[in-house]
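Undergrad: There's a structure below that I have some questions on.
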Amino acid sequence: MEYPTSNKRLIDWVEEVAKLARPSSIYFCDGSKEEFDQLAQLLVEKGTFRKLSDVKRPNSYWAHSDPRDVARVEDRTFICSTEEIDAGPTNNWRDPSEMKQTMNGLYAGSMEGRTMYVIPFSMGPLGSPFSKIGIQLTDSPYVVTNMRIMAKMGTSVLEQLGDDGDFIHCIHSVGSPLAQGQSDVAWPCDPDNIYISHFPETREIWSYGSGYGGNALLGKKCLALRIASATARDEGWLAEHMLLLKLTSPKGQVHYVTGSFPSACGKTNLAMLEPSLEGWKVETLGDDICWLRLGEDGRLYGVNPEAGFFGVAPGTSYETNANAMRTITHDTIFTNTALTVDGDVWWEGMDGDRPDNLTDWKGESYDPTSGKPASHPNARFTVSAGQAPQIAEEWQDPAGVPISAMLFGGRRRSLVPLVAESRDWDHGVFLGSTMASETTAAAVGAVGNLRRDPFAMLPFCGYNMGDYFAHWLSFGEKENVNLPKIYMVNWFRKDANNRFIWPGYGENARVLAWIVARLEGEAEGIEGPYGVVPKVQDIADDNLGISDEQLSELFHVDGTELANEVDAIGGHFDTFGDRLPAKLLRQLEILKTYI
Ligand code: OXD
Ligand code: MN
């Protein structure tokens, strides 16, 4: 066959995988709009895609998955380092050669009757020192269409790779070969045999059995977080589960801010915030992943390595996230939402009443009396970031943007203040390493229901998390650096009646405004166990409608609860054994002095 590249490493590998998986043809993706349209048409013919109404949602498609293939599968996600200790206590470990043997068995003939697509893609702006090139081989045209939105892909990436460039090898098969004459299903997969395997030492990703989201779009969680975090440790940078936004004050002060939040803590909403405060502006650079490098001036520079948003649809409305709603009015792929009779999409939490005669996310006629939601709670939209009205113009700057502040957050009904500025870098890293979030909003009895999710990276760190903490601390040990300030935030404090005290959403701009005032040396604060917190008058005014008593509750740290937290952190730290940096234990000792 004729290849559109003379990169021998690439050609040899494509041929090797084809020999094993035995696709009926091989196709190199050029990344063009025509190619996308042709694949979308093919998916419509196969029944995977339904084209939405060109009046309601131009150039958009609806898909629904196999009900057994709806989300990332953490228990089927593996870090395959030579030594188990290098994967650490938070990851599933497998020996690399054993895993390859198992998966070679699964890949044998797994693409029969299908086309193997070759997707050259770049995470990060093409040619930027931040960027990494990957090649994904996949037998899923659904994946190709989503990858075209989520990453830079196609001919320009092949050109960048050149004749001898190296790349991250990514193999993906849905694991559903077709015998001759066998007709296909709309969502092929092999849900009983899913493997999402990472080989950080050889920078490879092997995925089998799932066609969905982070399991199958290998540039995202697999490459840009798990493999990139390990690469970043070796190369001296950071690959983080962070949003990236640009904040402009009424005085014209510009600050770039990142935020790490576990899932279901409003990360996409914050990235796309419409401030409630007059004169403030928020623009988006990224909603999920940020790569950070030190610049020559000693500041930390960030880029969003992705090109699109793969956002959760349910709960998204003009009220909660108007910018997201404006972004997805056209050229969007929806997966596992409900479908309306007039060819539009719908989900729980969308503005207005639920329309009649919906098709649910399983493709069946929806019965409103069933008590079940019409859209899957993890239903998604895939949309190009470039079409977001609030995208910052510099979002693809190859040099990245200098970060002023980093927010670490979680869902905590008590204890953790609305906002606190860490005392120094080590304290900030301590706050990140002890981040926790309540698994469900309805859970009672705080401590027992908490999941520790350090830096919101629990499912995404590609190596031993103790070493990851040490890597973060190492930035504070460098000379001539001017690192961002780290803030802990918590929008989710509740009162005695179990009601949220803080209104959140657009009002979170008040917290951002206080942070800018701190950065500019314009606000004082009060020192406490979590660092410096605002004076309440600096965060609230009469427009907010929260009593002074409630406001002070947002910052109250109860001694008994703090003592319990210190014990819980001790237990959390113990799991890392001798890989836990001593500096973090020192920080725990400091926290104890506040009990
Ligand atoms: C995501 C996640 O999909 O964090 O972004 O699960
Ligand atoms: Mn995420």
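The values are calculated or read from the model by the stated rules, or taken from the named source; none is laboratory data. What you see is a predicted model, and the numbers here were worked out from it, not measured in a lab. All Cβ positions, glycine included, derive from the backbone under ideal geometry; neighbour counts span all protein chains shown.
Undergrad: List the number of the failed condition for G127; all other conditions in (1) at negative phi; (2) in contact (Cβ under 8 Å) with a residue 24 or more places away in the chain; (3) in contact with a helix residue (DSSP H, G or I) (Cβ under 7 Å, 6 or more places away or on another chain); (4) in the same structural domain as D12 (by TED's automatic domain parsing) hold.
TA: (1)
Undergrad: In the set S260, S229, which member is outside the structural domain of P200 (by TED's automatic domain parsing), among the small types (G, A, S) and on the phi < 0 side of the Ramachandran plot?
TA: Among S260, S229, only S260 is outside the structural domain of P200 (by TED's automatic domain parsing), among the small types (G, A, S) and on the phi < 0 side of the Ramachandran plot.
Undergrad: Does region 492-505 contain at least one residue that is crowded, with 20+ Cβ neighbours inside 10 Å and either within 20 Å of P529 (Cα to Cα) or within 16 Å of ligand 2 (Cβ to nearest atom) (or both)?
TA: The answer is yes; a qualifying residue exists.
Undergrad: Can you spot a residue in region 355-365 that is within 15 Å of T316 (Cα to Cα), among the aliphatic types (A, V, I, L, M), at pLDDT 95 or above and in a loop (DSSP other than H, G, I, E, B)?
TA: Checking region 355-365: not a single residue is within 15 Å of T316 (Cα to Cα), among the aliphatic types (A, V, I, L, M), at pLDDT 95 or above and in a loop (DSSP other than H, G, I, E, B).
Undergrad: Let me ask another. Would you please list the contacts, defined by Cβ atoms under 7 Å and residues six or more apart or on different chains, that run from a residue in region 382-394 that is over 20 Å from M147 (Cβ atoms) to a residue that is in a loop (DSSP other than H, G, I, E, B)?
TA: Q390/M272
Undergrad: Sticking with this one: Which members of region 297-317 meet the condition of being within 14 Å of ligand 1 (Cβ to nearest atom) and either assigned to a strand (DSSP E or B) or under 18 Å from K132 (Cβ atoms) (or both)?
TA: N304, P305, E306, G308, F309, F310, G311, V312
Undergrad: Could you tell me which residue of region 451-488 is nearest to P96 (Cα to Cα), considering only residues that are charged (D, E, K, R) and either away from ligand 1 (no atom under 16 Å from the Cβ) or surrounded by 18 or more Cβ atoms within 10 Å (Cβ to Cβ) (or both)?
TA: D467
Undergrad: For residues in region 473-508 being assigned to a loop (DSSP other than H, G, I, E, B) and among the aromatic types (F, W, Y), which is farthest from the chain's Cα centre (by Cα)?
TA: The qualifying residue farthest from the chain's Cα centre (by Cα) is W502.
Undergrad: Select from region 574-595 the residues that are aromatic (F, W, Y) and under 17 Å from G528 (Cα atoms) and list them in ascending order.
TA: Matches in region 574-595: Y594 only.
Undergrad: Sort through G295, G286, G308, G315 and tell me the only one that's more than 16 Å from ligand 2 (Cβ to nearest atom) and not aliphatic (A, V, I, L, M).
TA: G295
Undergrad: What tally of residues in region 529-567 results from selecting those that are hydrophobic (A, V, I, L, M, F, W, C) and part of a helix (DSSP H, G or I)?
TA: Selection size over region 529-567: 6.
Undergrad: Could you list, in sequence order, all residues of region 224-235 that are more than 16 Å from ligand 2 (Cβ to nearest atom) and over 16 Å from V303 (Cβ atoms)?
TA: A230, R233, D234
Undergrad: Residues in region 320-347 that are closer than 17 Å to A264 by Cα and surrounded by fewer than 21 Cβ atoms within 10 Å (Cβ to Cβ): how many?
TA: 1
Undergrad: Only one of (1) assigned by TED's automatic domain parsing to the domain that holds F469; (2) closer than 19 Å to A324 by Cα fails for G428. Which number is that?
TA: The one condition G428 does not meet is (2).
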